[in-house]
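Visitor: Questions regarding the structure given below will be posed in turn.
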Amino acid sequence: MEKAVYNPKFELFKNYINNKRIAVVGLGVSNVPMMKFLKELGATIIGCDGKDEGEFDKELLSYFKDNTEAMYLGDDYLSHFDGVDIILKTPGIRPDKAEFGSAVKSGAVLTSEMEMFFGVCPCKIVAVTGSDGKTTTTTLISKILSKAGYGVHIGGNIGNPLLHNVETISPEDVVVVELSSFQLMNMKYSADISVITNLSPNHLDYHTDYDEYCDAKKNIFLHQTTDGKLIVNMENERANLCGNEAKGSVLKFSLKNVSPDGAYLKDGKIYFNDEYIMDASDIKLPGIHNIDNYLAAITAVYHMVDKEDIRFVARNFEGVKHRLEFVREYRGIRFYNDSIASSPSRTIAGLKSFDKKVILIAGGKDKGIPYDEIGKPICDNVKALVLIGATSQKIKKAVLDNISDEASLPIVQADTYQNAVKYALSMGREGDIILLSPASTSFDMFKNFEERGNLFKSIVMGLGADESEIQE
């Protein structure tokens, strides 16, 4: 066990939590270390979740029952906040539910694990948000800082929960977190260094509209002091405008223009201000969007590291799972897993990463966003299209609206991922690329994009074991 580091913020937090009644709303395996931690600090825990008992893993349910004062499950799970001091809400539940409002009026504090952590963290926090590129940018920042010798703790949407490990974090360390709009909505803390990779319509099945989505993202910097730094994408209108609301310094990165204070691409080379950093070709990850991710990461950490640390990561980092991840080659066909692509813009970036037309598997849950923009990029970059899930018809319409001869781009509908891979394989030839890049969330069939990507990889890795596969 790592040695505890004295943290005056945490000493105050311990006194605050002792004897508090805390309702944990939204129960999952990631709650286990947090609940154990809060119990050890003297809190009484109440568990609340909209699922019924039968929808839980049995061992997990048993743990929650053994470690809570009470469990409230099912439709009325938000109706039991009497006498509760703190409500710890999971990001997937909107904070403006009437039951939360009533509890707050009665004196309860509505917060989240991430917000609690920000309040007690003893070191510098670098936070990343955006519609696309969050995870890769977060990972790049953490790897560059680690190469430079910092003690790095990574969390949020990526990595492990952080609150229960706060005692092992030193003031000299750096915390790097990826934050979603769900986590940022109503957040009352901001990071020391905040990065907005880009903004485009997303999660409109959760947010009331695009403005609310963007407003949630802004909490990553709105609570900074004048010492804070905001890094924004100069080429993205909504992200760039955020700079007008920042209290601290604003740094901008750009693929197309020379940035006066940030990283930019010019003639195939990457600069920070006027200082040469490296050739773009040094970056091992494919695709112009990954150069964009590097520009964001470089702008965030440039004043904290040596240029050689940046170059080392660029030349050696092979990418994050489920993000244009090479799976295998079979029958001369290369398979790539881009399950993270839960929006049209992310899939468009993936399509442009290859130097030839691909066979695309796309579709998933409909989160209420438009798909018009994906039609032409599919027509330009796809030789055959396999659709699956609720957004299939939206994607198909976007394609047909941009094509004169339907026969020039075969479109097939699949009912399962096994069939989707089978249909894609049947249309492939040696030298082809089959790409899973759904342009949609995974929640129609899966718990998350990782589960979706892992199934795809499992199916692809199993090819050849069944000789009944289609061969045309």
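The values are calculated or read from the model by the stated rules, or taken from the named source; none is laboratory data. Keep in mind that this is a model prediction, so the values were computed, not measured. For neighbour counting, all protein chains shown are included, and Cβ atoms are generated from backbone atoms with ideal geometry for every residue, glycine included. Note: accessible area is taken over every heavy atom of the protein model, side chains too, but ligands, DNA and RNA are not part of it. Shrake-Rupley method; radii C 1.70, N 1.55, O 1.52, S 1.80 Å.
Visitor: Which links in K352/K397; K51/K447; K367/K394 stretch past 18 Å when you go from one Cα to the other?
Guide: From K352/K397; K51/K447; K367/K394, over 18 Å: K352/K397.
Visitor: Expressed as a whole number of Å, what is the distance separating the alpha-carbon centroids of the range 352-392 and the range 165-220?
Guide: Taking the Cα centre of the range 352-392 as reference, the centre of the range 165-220 is 28 Å away.
Visitor: What do you get for the angle between helix 134-147 and the principal long axis of the chain? Use alpha-carbon atoms, 0 to 90 degrees, nearest ten.
Guide: 70
Visitor: Dividing the convex hull volume of the Cα atoms of the range 175-280 by its residue count, what figure in Å³ per residue is obtained?
Guide: With only Cα atoms used, the range 175-280 gives 115 Å³ per residue.
Visitor: Extension gain K58-D405, at 0.36 nm per residue separation less the Cα-Cα distance, in nm?
Guide: 119.6 nm
Visitor: Let me ask something else. If you count only protein heavy atoms and use a 1.4 Å probe, how large is the accessible surface of Y72, to the nearest 10 Å²?
Guide: Surface open to solvent at Y72 totals about 70 Å².
Visitor: Between D261 and N244, with labels modelled 7 Å along Cα→Cβ, what's the label distance in nm to one decimal, could you check?
Guide: With each label placed 7 Å out from Cα toward Cβ, I get 1.8 nm.
Visitor: Using 0.36 nm per residue, how much length does the chain from K447 to K397 gain when fully extended, once their Cα-Cα distance is taken away?
Guide: Difference between extended and current length: 15.3 nm.
Visitor: Right, next: If you take volume of the Cα convex hull per residue in Å³ from the coordinates, which of (i) 163; (ii) 136; (iii) 276 do you get?
Guide: (i)
Visitor: Right, another one. Ordering R315, R452 from largest to smallest accessible area (1.4 angstrom probe), what's the sequence?
Guide: R315, R452
Visitor: Grab the range 185-319 and count how many Lys pairs have their alpha-carbon atoms under 23 Å apart, sequence gap of 8 or more, or different chains.
Guide: Close lysine pairs under the 23 Å cut-off: 26.
Visitor: Let me ask something additional. Mind listing the phi-derived Karplus ³J(HN,Hα) values for the range 383-395, rounded to whole Hz, using 6.51, -1.76 and 1.60 with θ = phi - 60°, and x for any glycine or proline?
Guide: 9, 7, 10, 10, 10, 8, x, 5, 8, 3, 5, 5, 5
Visitor: Note down the accessible area of H207, probe 1.4 Å, to the nearest 10 Å².
Guide: In the full protein context, H207 sits at about 10 Å².
Visitor: Which residue, L73, S102, V84, has the largest displacement toward the positive end of the dipole of the range 68-115 when charges sit on each Cβ (Lys, Arg +1; Asp, Glu -1)?
Guide: The residue sitting farthest along the positive end of the dipole is S102.
Visitor: Another question about this same structure. Given a 1.4 angstrom probe, I'd like the percentage of the accessible area of the chain that is carbon and sulfur, rounded to a whole number.
Guide: 47
Visitor: Turning to a different aspect of this structure: Using a 1.4 Å probe and ignoring any ligands, DNA or RNA, find the accessible area of E308 and quote it in Å² to the nearest 10.
Guide: Accessible area of E308: about 80 Å².
Visitor: Moving on to the next point. By how many nm would the segment from N18 to A390 lengthen if fully extended, with 0.36 nm per residue of separation less the alpha-carbon distance?
Guide: 129.2 nm
Visitor: Roughly what angle does helix 417-427 make with the longest principal axis of the chain, taking Cα atoms, 0 to 90 degrees, to the nearest 10?
Guide: Orientation of helix 417-427: about 20 degrees from the principal axis.
Visitor: Roughly how many whole Å is it from the C-alpha centroid of the range 1-38 to that of the range 252-304?
Guide: 39
Visitor: Further question: Please give the per residue accessible area of the chain, computed with a probe of 1.4 Å over protein heavy atoms only, in Å².
Guide: Using a 1.4 Å probe on heavy atoms only, each residue of the chain averages 43 Å².
Visitor: Please find the FRET efficiency linking T208 to F312, where r is the Cβ-Cβ separation and R0 is fixed at 35 Å, and quote it to the nearest 0.05.
Guide: 0.20
Visitor: Report, in degrees rounded to the nearest 10, the 0 to 90 angle that the Cα long axis of helix 31-40 makes with the longest principal axis of the chain.
Guide: Rounded to the nearest ten degrees, it is 10.
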